Each structure stands twice: as C-alpha cells, then as structure tokens.
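The block underneath contains the structure these notes are about, expressed in structure tokens.
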Number of protein chains: 2
Amino acid sequence: MSKSVRAFIFDVYGTLFDVHSVKEAVETLYPGKGESISQTWRKKQLEYSFLRQLMGTYRSFWEITKDALRYALKENERSIPSEIEEFLMEAYLHLTPFPEVHEVLLQLRNKTLAVFSNGSHDMLDPLIDHSLFGELFDDVVSVDEVKQYKPTPAAYDHTLHTLKVSRKEVLFISSNGWDISGAKNFGFHTAWINRNKLPIEELDLHPDAIYEDLTGILEWI
Amino acid sequence: MSKSVRAFIFDVYGTLFDVHSVKEAVETLYPGKGESISQTWRKKQLEYSFLRQLMGTYRSFWEITKDALRYALKENERSIPSEIEEFLMEAYLHLTPFPEVHEVLLQLRNKTLAVFSNGSHDMLDPLIDHSLFGELFDDVVSVDEVKQYKPTPAAYDHTLHTLKVSRKEVLFISSNGWDISGAKNFGFHTAWINRNKLPIEELDLHPDAIYEDLTGILEWI
C-alpha cells in the first residue's frame, strides 16, 4: 500500500459501470439468446481491439463495438436490420454504475481522479456526463486520443502526459485482469477489482491489491 | 485465383492438425469438463499471445500454452499436479492431421511448401517431423525466430526472408479467421479454411477464397 499515490485512474466498462444491461437489451430482442450473443459480442469487441492494434489498423472503439455486434448477430441470426443495431449500441450509452462507485469517489475527492478507457469519447462522454458522479472526475481520458489500445505501454503512458503525474503516483483500477497486467507492466500501482472471482491472469504480472469491489481502494488514501 | 502463386504457406493448429485430441485428453482427466476446460485453454492461449505481443513481453508459445493451461485448470479445479500438466501438454505433440492433408500436399509437390506458426520449434518440430507428410515441406517457420506473434506484419514478413519469395507469390492458408485477416493485411493471397462454418471476421479484410477443407486450394495451382 503506497501512500504516495496522488492519482486514481479508473477503467470504465465492468469497473465503474455494469455491462449487464447490454445483455438485457440483447435478451429483449432475442429471447433465450441474450447470454450467448452478448458473450460473443464482448469477446469480439476485445479481440478486435487487440487484433487491430497488432495489425496496425486502428479504428475507434465505438466502431469496433459495432463490428463485434455484427459478428455476434451473424453467428446467431441471418439478417441485421439497422434499427436493431442502433437499439443495441444505445445500450452502451446507458449503463448502470455499480452501487458503491459514487460513495467511493466522494471519499477520494482530494485526489486527482480520472477515467481511462479503450472507449472513444463518443461513447464515453455521454456515459460519464450523465452519471451522478461525472463531475467528480478531473479528466476523461480515451486511448482514441493517441490511437493506441490498452494494454500497450504507449496507451498507459498517454495518461501521464494528460494528467501531469508520474507513473509511481498512480493507482490504476480495473476489473479486467488483462488491463491490470498491462498497467502493472507499464509501472502503475494496480488494484484489480475481481468482481467475478476469477483466477489471476498467468502473465507474470501480479496486481498490487485485489478487492471484491471498489471500496477496497480506500486503503490507498 | 492468381496462378502466379509459387509458395503455399500453411498455418498449423486447426489448419493441418485437429486440436480435438487435446479436448479428449482433458476429458480423460476431468470427465464432463473436457469441453469447458479446453475452450478456456484455447481462448487464453490465443489471448496471451496477443497480450504479450501488445505489452512487449514475449514468451514462447510452448510456455504460453502452459500458462493458459494453468489458468484453465485454476478456473475449474483447485490443484494442478505437474504430472497432469505434462500429460496435457504432451497432447499438443501428438495431434491428428485432418484426413485430406497428405493428398493435397502431394499434389502441390512442385511448389514451395512451408508451415508458418505461432508455435515454437519445441512443439512444432516433433509434430511435423512425425507426420507422414513432414518431408514434403521445404521449411518449418516459427514466429519464435523473430519473436513477433501473428497477426503483426513483422511476423508474416519473416516468412519472405526465410523462403525467398515476394508477398504476391504467396498463398497463405489458415483455418483461423484472425490469422487470415493478418495475412491479408500484410499482402498475401489468402485462403480461409472455414471448417466450422463461422462468419467472416468484421475486420474489413476479406479472404481471397473460402473453402470447407484444404482440397479447395488446389484451384490455385
């Protein structure tokens, strides 16, 4: 536990906001297939961000999310009317925050607070701005500003320039094991919010702390 | 269909060899869990190659495959005796080729034939050498020689230097959609062996040809 932490940087999807409501939207349209379609959707969304970074063919996360949705629907259904695509994509703009988020952020008010996401501003800003705690953040940082997806070191590095902090002053918080690995590899302090009780990723990069929800990070004040 | 193709370069896992026997080995040890453990194993194997490439922390595919197995077993069981690990890893050295492989390769004898895999030589060589068609290949090329995983352009580029061909003279053959996207992005002709009737990846990179099995590529002679 380092008390030298000045900036708390949060991942967004799955960390601050529950993406469960996306599954519910899919289930509304495709009863009985909500689980399988939304699983493929999420899997391909991640995969496409990794693959495009590896191939050097960057495209924004909003577009990638749409591409992943198309793949998931094609795998399960034949046709994809554009109204359906729009309805499902809208779900990403209205996610429910996890219950503890607001209270935790209030207790961190004296620190530098930011979100840092693979999401592009067209999907991040509406979500953060419309939340009750949006104004508590000093900055909303997107990889889209440098077109380098997490977990590349270049992506995490971008937050240092934006927030004017050094890497040892940062606690990075994410529910995604691969994101925590990337942040640790870059040199951030890391807190893994292991909401789903998953094993630690086998990438030789252990998180500095593991919590069941965000309240655990208050130890770092 | 370009008749200017001089070199036929094959991916290995899922393309020449069926990885189904890996699932059977898992099922032997964990009855009823063969499917779920081996799915996680394969998923993490791929993911770890992508993530390590993105983070700049290369490790050989044999080691990554072991790491992925550990994750998959931890997700499902508590303890992982090292004999179990060894038994399951061994399965990768004794895969069954798809039935049409040998005959197709025989018909391509006048061409330059090579395999090109993310697999390291410690896992590739025993597999290829012990197959009936191993001697038909002019070369066994591994990304481990340059420590750049597919689908980076640098990985595919390595085959050109090794085989002394230009990219327009190559037909690259893989059953993995993401691998075909990477090869197409690099500038190879591509034939996707879509054994599982999956949708085309939504990465704006269409394969030049799609076949149900390898016999289709004989059109390119």
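For chain B, modelled as a GNM whose springs connect Cα atoms under 10 angstrom apart, the maximal fluctuation among B:21, B:36, B:82 occurs at B:82. Residues of segment B:22-51 that lose at least 20 Å² of accessible area (1.4 Å probe, protein heavy atoms only) when the other protein chains are present, relative to their chain alone, are B:47, B:48, B:50, B:51. Label-point spacing for residue A:58 across the identical copies (point 7 Å from Cα in the Cβ direction), in nm and ascending order: 2.4. Determine the shape class of segment A:53-119: with a ≥ b ≥ c the square roots of the Cα gyration tensor eigenvalues, call it rounded for a/c under 1.5, and otherwise prolate if a/b is greater than b/c, oblate otherwise. Taking the square roots of the gyration eigenvalues as a ≥ b ≥ c, segment A:53-119 is oblate. For the rotational copies A and B, the chain A residue with its Cβ nearest the relating axis, together with that separation in Å, is A:50, 2. Restricting the calculation to Cα atoms, the protein assembly as shown shows an Rg/Rh of 0.99 when the hydrodynamic-style radius is the Kirkwood one.
Taking the helices alone, the protein assembly as shown has a mean residue ellipticity at 222 nm of -13000 deg cm²/dmol, built from -39,500 (n - 2.57) per DSSP H run of at least 4 residues and averaged over all its residues. The label-point distance for residue B:147 and residue A:102, in a model that sets each label 7 Å from Cα toward Cβ, rounds to 5.0 nm.
Multiplying the sequence separation of residue B:195 and residue B:21 by 0.36 nm and subtracting their Cα-Cα distance, what value in nm do you get?
61.0 nm
Once you've got the GNM for chain B with C-alpha springs shorter than 10 Å, pick whichever of B:42, B:109, B:70 has the biggest mean-square fluctuation. Most flexible of the set in this elastic network: B:109. Relative to the longest principal axis of chain B, what angle (0 to 90°, nearest 10) does the C-alpha long axis of helix B:20-29 take? Its long axis makes an angle of about 10 degrees. Pairs exceeding 24 Å between alpha-carbon atoms, taken from B:111/B:184; B:3/B:164; A:150/B:168; A:66/B:147; A:23/A:66: A:150/B:168; A:66/B:147. In order along segment A:144-152, the Karplus-derived 3J(HN,Hα) couplings, from 6.51 cos²θ - 1.76 cosθ + 1.60 at θ = phi - 60°, round to 4, 5, 10, 6, 9, 6, 4, x, 5 Hz, and Gly and Pro are given as x. Given R0 = 41 Å, the distance between the Cβ atoms of residue B:206 and residue A:94 translates into a calculated FRET efficiency of 0.75. A point 7 Å from Cα along Cα→Cβ stands in for residue A:187, and the other copies hold the same point at 3.6 nm, listed in rising order.
Interface residues of segment B:131-162, defined as those with an accessible-area decrease of at least 10 Å² between the chain by itself and the complete set of protein chains (probe 1.4 Å), are B:151, B:152, B:153. Placing a label point 7 Å from Cα along the Cα-to-Cβ axis, residue B:82 is separated from the same position in the other copies by 6.1 nm, shortest listed first.
For residue A:121, the solvent-accessible surface with a 1.4 Å probe is about 60 Å², rounded to the nearest 10. Within segment B:155-179, whose backbone N sits under 19 Å from a point 7 Å along Cα→Cβ of residue A:36? So the set is empty, nothing qualifies.
Work through the residues other than residue B:111 whose Cβ is under 14 Å from its Cβ and net out their charges, Lys, Arg +1 and Asp, Glu -1. Before the final figure, lay out the partial values.
Numbers: positive: B:3, B:6, B:109, B:164; negative: B:138, B:139, B:169, B:219.
With Lys, Arg at +1 and Asp, Glu at -1, the net is 0.
Taking B:128, B:80, B:64 in turn, the Gaussian network model of chain B (Cα-Cα springs below 10 Å) assigns the largest fluctuation to B:80.
For chain B, just say rounded, prolate or oblate: build the C-alpha gyration tensor, square-root its eigenvalues into a ≥ b ≥ c, call rounded for a/c under 1.5, and beyond that prolate if a/b exceeds b/c, oblate if not. Prolate, because a/c is 1.5 or more and a/b exceeds b/c.
The values are calculated or read from the model by the stated rules, or taken from the named source; none is laboratory data. Because the structure is a prediction, the values reported are computed rather than measured. As a convention, Cβ positions derive from the backbone with ideal geometry for all residues, glycine included, and neighbour counts pool all protein chains shown. These area figures cover heavy atoms from the full protein model, side chains too; ligands, DNA and RNA do not enter into them. Shrake-Rupley method; radii C 1.70, N 1.55, O 1.52, S 1.80 Å.
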